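Undergrad: Quick one: structure below, then a few questions.
What follows draws every value from the coordinates through simple rules; no lab data is involved. Fair warning: this is a prediction, and the values are worked out from it, not measured in the lab. Glycine also receives a Cβ, built like all others from the backbone with ideal geometry; neighbour counts cover every protein chain displayed.
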Amino acid sequence: MAQRRLLSPVLVFLVMTAGGGVLGAGIGRLLRQGGGVLPRPEPGPLLAGLLVWVVAGIALHELGHPAGGLRAGFRFILYTVGPLRVAREARGIRVGLNRAINLAGGVVLMVPRTPDARPDGLASFIAGGPLASLAAALERD
């Protein structure tokens, strides 16, 4: 049974990868036929820009978690994305450099203020991130 569970995600990954390759090849063919309208990008700035957008997307997603957690009455403890670290310390909120590489992918830590917190509080905290990502994806002018 475990092998069957693994097969499904692997198959989805392979189909998505093949689909992306076919789509990329088709776009490349169209650009060549159109006389190469777009200039060939330099890899350095392209990768730097991609990294900035990925970190910005993660930061936006992670900001949704405190929004949901604060709505539920949770207490903020930690927000980390890439090199940024925002943490509650004894003397207040402190912004600094994230030195923990394992937290660079984005982490938010909040705790209920009381042991008898609302049952839906955790759901609100968890759903805040995906809802922020969804709102950003749907936002169009």
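Undergrad: As a test of the formula, what do you get for the chain when each DSSP H run with n ≥ 4 contributes -39,500 (n - 2.57) and the sum is divided by the residue count, at 222 nm and rounded to the nearest 500 deg cm²/dmol?
TA: Rounded to the nearest 500, it is -20000 deg cm²/dmol.
Undergrad: List the trypsin sites (Lys or Arg not before Pro) in the range 92-141 that DSSP assigns to loop (not H, G, I, E or B) and whose Cβ has at most 16 other Cβ atoms within 10 Å. Which are they?
TA: In loop regions of the range 92-141 (DSSP not H, G, I, E or B), the sparsely surrounded trypsin sites (Lys or Arg not before Pro) are ARG99, ARG113, ARG140.
Undergrad: Here's a follow-up. With the contact rule set at Cα under 8 Å and sequence spacing of 6 or more, what percent relative contact order holds for the chain? Mind dumping the intermediate values first?
TA: Values: 151 pairs, mean separation 35.9, N = 141.
Over the chain, the number comes to 25 percent.
Undergrad: Find the centroid of the Cα atoms in the range 26-93 and in the range 110-141, then give the distance between the two in whole Å.
TA: 18
Undergrad: Shifting gears a bit: Report, as a whole number in µm² per second, the diffusion coefficient that Stokes-Einstein gives for the chain at 25 °C and 0.890 mPa s using the Kirkwood radius over alpha carbon pairs. Intermediate results must be reported in sequence, preceding the final value.
TA: Values: Rh = 18.8 Å.
So the translational diffusion coefficient is about 131 µm²/s.
Undergrad: To continue, here is another question. Determine the shape class of the range 47-88: with a ≥ b ≥ c the square roots of the Cα gyration tensor eigenvalues, call it rounded for a/c under 1.5, and otherwise prolate if a/b is greater than b/c, oblate otherwise.
TA: Oblate.
Undergrad: Say R0 is 41 Å: what FRET efficiency, to the nearest 0.05, do LEU78 and ALA48 get from their beta-carbon distance?
TA: Taking R0 as 41 Å, the efficiency between LEU78 and ALA48 is 0.90.
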